Amino acid sequence: MTVKQYMLDKIAKGTMHAALIDPDKQPAEEAGKLAKTMKAAGTDIIFVGGSSGITIENLSATAKAVKEASGLPVILFGGTPESINKELDAVFFMQIVNSADPRFVTFGQVMAAPVIAKLGLESISMGYVIVEPGMTVARVTSAKVVGQDEIEKAVAYAMACKMFGFEFIYFEAGSGADRPVPPAMIKAIKSCVDLPLIIGGGIRTPEAAEAARLAGADIVVTGTLIEQGADDAKLKAVVSAAKGN
Ligand code: 1GP
């Protein structure tokens, strides 16, 4: 089964939880342990990637360790064209739709496409929109962030993603954000655009995870909480709230 089909099957039954593991934040062995912990907490899929410090060495070692330790599918989220490798199960072929830097809109993807084809990796297209505060990813990509209260603009971005033909959309408040994507924005996007909707950035509590799910998120992503070494009970509470079980 493809990773895309795995996600669509899960989404058809309810909201998924994805754990984001940044290969730059810990050695691969430690990443494997985090993935195993997250699998026990109920996570459905592991996203690997980050905004800086990604190399083919740390990305491939992390993807391998995560897969071996958790048995969960591993999908590249972000990263660089040079770091794509055969340890990945799939790649989110992303366009940062509101980046003002063409490297993140087209040129990086043009570099990555032949590598993905040569390795025979599954590629899943995704429109990625950065919402205020945006954090590091907004700075690195020179994004024109969507304001927390700019709901119409967020919906317009989502509609454009649909018209571009993206398979998934991701609305991102930025890793470590003090405010996640507002539930009202999630609800408005979901009511206008029928694409699988991924929400991440600043989700660190069961309340925030539940709010994203109830507003219509199909996949809720958490990263910082995992990196900060939250205890097993907290991780399980956030994953359960994201999934509604
Ligand atoms: C970042 O959306 C993800 O790309 C996760 O954000 O680290 O704030 O959980 P956090």
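The values are calculated or read from the model by the stated rules, or taken from the named source; none is laboratory data. All values derive from a computational prediction rather than experimental measurement. Virtual Cβ from ideal backbone geometry, glycine too; neighbours counted across all protein chains shown. These area figures cover heavy atoms from the full protein model, side chains too; ligands, DNA and RNA do not enter into them. Shrake-Rupley method; radii C 1.70, N 1.55, O 1.52, S 1.80 Å.
For the range 83-118, a residue qualifies if it is assigned to a loop (DSSP other than H, G, I, E, B) and either more than 21 Å from R139 (Cα to Cα) or at pLDDT below 95 (or both), and the qualifying residues are I84, N85, K86, E87, L88, D89.
Within the range 59-82, the set of residues being open to solvent by 20 Å² or more (accessible area, probe 1.4 Å), without any contact (Cβ under 8 Å) to a residue 40 or more places away in the chain and either within 16 Å of the ligand (Cβ to nearest atom) or of a type in the set (K, R) (or both) comprises K64, K67, G79, T80. Can you list residue pairs whose Cβ atoms sit under 9 Å apart, with the first residue in the range 156-181 being farther than 19 Å from V220 by Cα and open to solvent by 10 Å² or more (accessible area, probe 1.4 Å) and the second being more than 16 Å from the ligand (Cβ to nearest atom) and among the acidic types (D, E)? Count only pairs 6 or more apart in sequence or on different chains. So the pair list comes out as K162/D194.
Scanning the range 1-23 for residues that are touching a Lys or Arg at 6+ places or on another chain (Cβ under 7 Å) and either in a strand (DSSP E or B) or at pLDDT below 95 (or both) turns up M16, H17. Every test in (1) more than 16 Å from T15 (Cα to Cα); (2) open to solvent by 10 Å² or more (accessible area, probe 1.4 Å) is passed by D218 save one, and that test is (1). Among strands (runs of 3 or more DSSP E) entirely within the range 156-235, having at least 1 residues that are among the charged types (D, E, K, R) singles out 168-172. Checking each residue in the range 44-53 for being more than 17 Å from A90 (Cα to Cα) and either touching a helix residue (DSSP H, G or I) at 6+ places or on another chain (Cβ under 7 Å) or away from the ligand (no atom under 16 Å from the Cβ) (or both) picks out S51, S52. Residues of the range 113-141 that are open to solvent by 30 Å² or more (accessible area, probe 1.4 Å) and touching a Ser or Thr at 6+ places or on another chain (Cβ under 6 Å): E122, M135, T136, V140. Only residues that are more than 16 Å from the chain's Cα centre (by Cα), under 22 Å from T80 (Cβ atoms) and in contact (Cβ under 8 Å) with a residue 60 or more places away in the chain were counted across the range 35-56, and they come to 0.
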